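Take a look at the structure set out below.
The values are calculated or read from the model by the stated rules, or taken from the named source; none is laboratory data. The structure displayed is predicted, hence computed values, not measured ones. Ideal geometry is used to build each Cβ from the backbone, glycine not excepted, and the neighbour counts take in all protein chains shown. For the accessible areas, the whole protein counts, side chains as well, though only heavy atoms, and no ligand, DNA or RNA atoms are used. Shrake-Rupley method; radii C 1.70, N 1.55, O 1.52, S 1.80 Å.
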Amino acid sequence: MADSALRSSHPVVLETQNLTKMFGGLTAVNAFDAQVHRGEICSIIGPNGAGKTTVFNAVTGIYTPEKGRIVFNGNDITGHKPHHIVAAGIARTFQNIRLFPTMTCMENIMAGHHCRISSGLWGTLFRSSGQKREEEETRSIAESRIRQVRLWDYRHELARNIAYGSQRMVEIARALATDPTLLVLDEPSSGLNPRETEELMEFLTGLIKEEDITILLIEHDMNVVMGISDWVIVMDEGRKIAEGGPDQIYHNPRVIEAYLGSDDRQAHQE
Amino acid sequence: MIQEAKRMGREGFFGSQSLFFATLTLFIMYPFVVSDYYIDVAFFFGIYALLGLSLNIVLGEVGLFDLGHAGFYAIGAYTTAILNTKFGIPVLILLPISAAAAALFAYVVCSPIIHLRGDYLCIVTIGMGEIVRIALINNPFDLTGGPNGVYGIDFPSFGGPFVIDSSIEYYFLIWIVVALSIYGLIRLQKSHIGRAWNYIREDEVAAGASGIDVRYYKLLAFVLGAALAGVAGNIYASKLMCVSPESFTFWESCLMFCIVLIGGMGSIPGVLIGAAFISLFPEIFRPFAMYRMLIFGTVMILLMMFRPGGAWPRKRGAAEHPPLHPGKEGIDG
C-alpha cells in the first residue's frame, strides 16, 4: 500500500482535522491533520517531545483537544470519554505498560470485553441467564486472545510476575479483547530485546492479514517502522512535517534533518 | 442457596465444605449455649461485620479512601429512628427504606467528588462524615433531637404479630442479613462488576482505556456501600432503641477502616476477621481497660509490619477461574 493512489482507495478509518492540544503555554500538538486508512499499519515517528503520545491521548479520549476534530468511522469522537471511544472500536496500549498488576493475566484480558457486556447490577446479583452467558463469553474471548499471544500457560499468573515482553503481549491481548477496528500502540517495541521485537513484528503483520483491523503505532525502532509500516507520518514540535511510504520517508531530506540524522541512515543501510 | 454454599466451600472460602458446615452449625448453636451478654457481643460483631462489608466495597474493592462512612451509617439509623417514632412505620419495613435513603445520600454527595483521587477524596469524605454528625447535633427541622438523639424506637417487626424482641432473635436477624450480604457480594466479586472495581483500584487510567466506565463503577461502589451501611444503621437503631450523634463519630469511620485493613483489602473472610478483632477485642481486654488502647495500637502496628496485606488477603489465580474445558489444558502453549 506504499503508494498513495492505492492507499486512498481504502476507506478512511480515523481522521484528525486541525487537532491542537495545549498545556498552559506549550502547544504540544499544533494543527495536526492526518488520515489512517483501513487495513494498514500506520506509524507516527518523530523526536522526543514531538507530540506523538499527545495525539494518541487525544484520540483515545484521555485528553480533550483545544481545537480540531477527531473523526472515527465517520463519527465525531472529539472529547468523548475513554470508555465510549473503546466501545466505538479504538483500543490502545501504553508506552510504559499499564496492566492491572495484582490480577491474573486472564482477568487482565477479560477487562477488554467489559465494554461489550450489557447485564447490570440486578442481573448479576440474581445471576440471570444473560449474565451467565456473558460471563462465559468474556472468558472464552479472553482464552482465545491469550492463546493468540501464546501465553496460555501463564493465564493464572499475576500480571506483575511475568516477563516484561510477555506483559506487553498481555496488554495487546487486552486491547484486542475489546474487538477493535483500530488498534493504537504506543511504542510497542520499547524495552523488548531483538528477538521479542522480531516476534512482535511478525505478530502485528499476521494480525493485519487475519483480522479486519487497522493499526496505528508510535515507534522509535527504525527497523520496526521501516519493516512493517504501510504509511509513515513524521512529527516534529507538534506539527506534521512529512508523510509517505517508508521508502519516501527514508529518503526525505527534511525528515533526515529533523529526526533520522545522517549517522542513523548509514547504520540502517549497513 | 445450599448449592452456592457448597460451591463456596469447595472453592476455598472456608477451606473445605465440611469446615463450612461446621462453622454454620456453630453459629446456629452458639446463642443457645451462652448467656445473653455473649449473644449481644456476637450481635455487635455482626453489626461491625456488616459495616466492614459495606466499607470493603468502597475501600477494598475500588481502593477509594472513604473515612466518612459513619455518615451513611448515621443516615440509615436516623431514617429508621425518625420515620418509626414520628410516623410509626414498622422497623423491618424501614430496612430497605433506610438503605435507599443512605444510597440516595451517597449518590447526591459523592457525584461531585467522585473524580478526586487518594488523599483528596479521603479529606472530603472526612468532612462529609463530620458534616452529617454536626447537622444531627444541630437538630434540623426539629427532627433529630439534637445531641440527645431520638428515643423510643420499636422492636423490629413488619407491623404484625411477628416481633423481634429478644437477644437471640436480634442475633439471627443481624447474621442472616450478614449472610445474605456476603452471598450477594461474592456474586459481585465473581462478576464483571467486581472485576471492574478491581481494575479501577489497580490502575484507573488503564481501566478507562480498556473500556470501563470509571465514574459509574466508583459511584456504584459508594451507593452500594452506603446502602449496606444504612441497613446496619437500621438494625443498630432498633437494637439500642435510641440513636444519638455520638454513635456516628469519626472514630466509628476509623474503626471500619481498620476492619478492612486488618482483614485485607477486598477480602470477605478478611472483613469477618477484622470485625471480630474490632468488636471482640474490647470485650477480651475488659479487665485491662486502662491499657486497652495501648494494646490495640501495638497490635495494629505489628499486624501492618508483619502482614501488610492483611490477615486474610484475597487470593487470585486458578482458584477463581476454573478452566472452561477441563482436560484440554496445556495443548496450546
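So if I check each of A:39, A:61, A:51, A:68, which one is within 14 Å of another protein chain (Cβ to nearest Cβ), on the phi > 0 side of the Ramachandran plot, surrounded by 15 or more Cβ atoms within 10 Å (Cβ to Cβ) and in contact (Cβ under 8 Å) with a residue 12 or more places away in the chain?
A:61
Can you tell me which condition residue B:119 does not meet? The list is (1) farther than 24 Å from residue B:204 by Cβ; (2) open to solvent by 40 Å² or more (accessible area, probe 1.4 Å); (3) of a type outside the set (A, V, I, L, M), and all the others hold.
Every listed condition holds for residue B:119 apart from (1).
So, of the residues in the range B:97-113 that are over 20 Å from the mean Cα position of the chain (by Cα) and among the β-branched types (Val, Ile, Thr), which turns out to be most open to solvent (accessible area, probe 1.4 Å)?
B:108
Of the residues that sit in the range B:209-239 and are without any contact (Cβ under 8 Å) to a residue 24 or more places away in the chain and hydrophobic (A, V, I, L, M, F, W, C), which one is farthest from the other protein chains (Cβ to nearest Cβ)?
So, considering only residues that are without any contact (Cβ under 8 Å) to a residue 24 or more places away in the chain and hydrophobic (A, V, I, L, M, F, W, C), the one farthest from the other protein chains (Cβ to nearest Cβ) is B:214.
Restricting attention to the range B:315-333, and to residues there that are more than 9 Å from chain A (Cβ to nearest Cβ) and under 28 Å from residue B:271 (Cα atoms), which single residue is modelled with the highest pLDDT?
That would be B:315.
Could you tell me whether any residue of the range A:26-33 is open to solvent by 60 Å² or more (accessible area, probe 1.4 Å), over 27 Å from residue A:223 (Cβ atoms) and of a type in the set (D, E, K, R)?
Initially, the range A:26-33 is screened for residues open to solvent by 60 Å² or more (accessible area, probe 1.4 Å), giving A:26, A:33.
From what's left, over 27 Å from residue A:223 (Cβ atoms): A:26, A:33.
Now narrow it down to the ones that are of a type in the set (D, E, K, R): A:33.
Yes, the range A:26-33 contains at least one residue that is open to solvent by 60 Å² or more (accessible area, probe 1.4 Å), over 27 Å from residue A:223 (Cβ atoms) and of a type in the set (D, E, K, R).
If you take the residues of the range B:135-148 that are assigned to a helix (DSSP H, G or I) and in contact with a helix residue (DSSP H, G or I) (Cβ under 8 Å, 6 or more places away or on another chain), which of them is surrounded by the most Cβ atoms within 10 Å (Cβ to Cβ)?
In this case the residue turns out to be B:136.
Specify which of the listed residues (B:228, B:280, B:219) is out of contact with any Leu (no Cβ under 7 Å at 6 or more places or on another chain) and over 18 Å from residue B:42 (Cβ atoms).
The match here is B:219.
Take the range A:101-115 and flag every residue that is within 7 Å of chain B (Cβ to nearest Cβ) and not hydroxyl-bearing (Ser, Thr, Tyr).
A:101, A:103, A:106, A:107, A:110, A:111, A:112, A:114, A:115
When you look at residue A:75, is it open to solvent by 30 Å² or more (accessible area, probe 1.4 Å) and closer than 30 Å to residue A:20 by Cβ, yes or no? Before you say what the answer is, go through the steps one by one.
Details: open to solvent by 30 Å² or more (accessible area, probe 1.4 Å): yes; closer than 30 Å to residue A:20 by Cβ: yes.
Against the criterion (open to solvent by 30 Å² or more (accessible area, probe 1.4 Å) and closer than 30 Å to residue A:20 by Cβ), residue A:75 qualifies.
Of the numbered conditions (1) open to solvent by 50 Å² or more (accessible area, probe 1.4 Å); (2) among the aromatic types (Phe, Trp, Tyr); (3) under 22 Å from residue A:181 (Cβ atoms), residue A:56 satisfies every one except a single condition; which is it?
The failed condition is (1).
Among the residues of the range A:82-100, what is the count of those that are within 9 Å of chain B (Cβ to nearest Cβ), open to solvent by 40 Å² or more (accessible area, probe 1.4 Å) and either touching a residue at least 24 places away in the same chain (Cβ under 8 Å) or over 17 Å from the mean Cα position of the chain (by Cα) (or both)?
Residues meeting the conditions: 2.
Among (1) open to solvent by 30 Å² or more (accessible area, probe 1.4 Å); (2) at pLDDT 85 or above, where does residue B:276 come up short?
Single failed check for residue B:276: (1).
Identify, by number, the condition in (1) within 26 Å of residue A:103 (Cα to Cα); (2) touching a Ser or Thr at 6+ places or on another chain (Cβ under 6 Å) that residue B:234 doesn't meet.
For residue B:234, the exception is condition (1).
Taking residue B:151 and the conditions (1) within 14 Å of chain A (Cβ to nearest Cβ); (2) open to solvent by 50 Å² or more (accessible area, probe 1.4 Å); (3) hydroxyl-bearing (Ser, Thr, Tyr), which numbered condition does it fall short on, given that it satisfies the others?
Failed condition: (1).
Here's a check for you: in the range A:152-173, which residue that is in contact with a strand residue (DSSP E or B) (Cβ under 8 Å, 6 or more places away or on another chain) and part of a helix (DSSP H, G or I) is farthest from the other protein chains (Cβ to nearest Cβ)?
A:172
Tell me yes or no: at least one residue of the range A:116-132 is within 30 Å of residue A:13 (Cα to Cα), assigned to a loop (DSSP other than H, G, I, E, B), more than 14 Å from every other protein chain (Cβ to nearest Cβ) and at pLDDT below 90.
No, the conditions are met nowhere in the range A:116-132.
Within the range B:163-172, is there a residue that is buried (at least 20 other Cβ atoms within 10 Å of the Cβ) and of a type in the set (D, E, K, R)?
No, there is no match, as no residue in the range B:163-172 is buried (at least 20 other Cβ atoms within 10 Å of the Cβ) and of a type in the set (D, E, K, R).
Give the range A:174-194 a look and list any residue that's within 8 Å of another protein chain (Cβ to nearest Cβ) and either of a type in the set (D, E, K, R) or more than 28 Å from residue A:61 (Cα to Cα) (or both), or say none.
If we filter the range A:174-194 for residues that are within 8 Å of another protein chain (Cβ to nearest Cβ), which is where we start, we get A:174-175, A:178.
Residue satisfying the conditions is A:174 alone.
Residues of the range B:19-41 being open to solvent by less than 90 Å² (accessible area, probe 1.4 Å) and of a type outside the set (Ser, Thr, Tyr), which ones?
B:20, B:21, B:22, B:24, B:27, B:28, B:31, B:34, B:39, B:40, B:41
Cβ-Cβ below 6 Å, separation at least six or inter-chain, first residue in the range B:296-314 and within 30 Å of residue A:104 (Cα to Cα), second outside any loop (DSSP other than H, G, I, E, B) and open to solvent by 50 Å² or more (accessible area, probe 1.4 Å): which pairs?
B:311/B:273; B:312/B:273
Looking at this structure, is residue A:212 away from chain B (no Cβ under 14 Å) and open to solvent by 10 Å² or more (accessible area, probe 1.4 Å)?
It is true that residue A:212 is away from chain B (no Cβ under 14 Å) and open to solvent by 10 Å² or more (accessible area, probe 1.4 Å).
Quickly run through the range A:140-188 and pick out the residues that are among the hydroxyl-bearing types (Ser, Thr, Tyr) and closer than 16 Å to residue A:206 by Cα.
A:144, A:181
Restrict the check to the range A:124-138 and report whether at least one residue is of a type in the set (Val, Ile, Thr) and farther than 22 Å from residue A:167 by Cβ.
The answer is yes, given that some residue of the range A:124-138 is of a type in the set (Val, Ile, Thr) and farther than 22 Å from residue A:167 by Cβ.
Based on this model, can you work out whether residue B:201 counts as at the interface with another protein chain (Cβ under 10 Å from one of its Cβ atoms), under 16 Å from residue B:65 (Cβ atoms) and modelled with pLDDT of 90 or more?
yes
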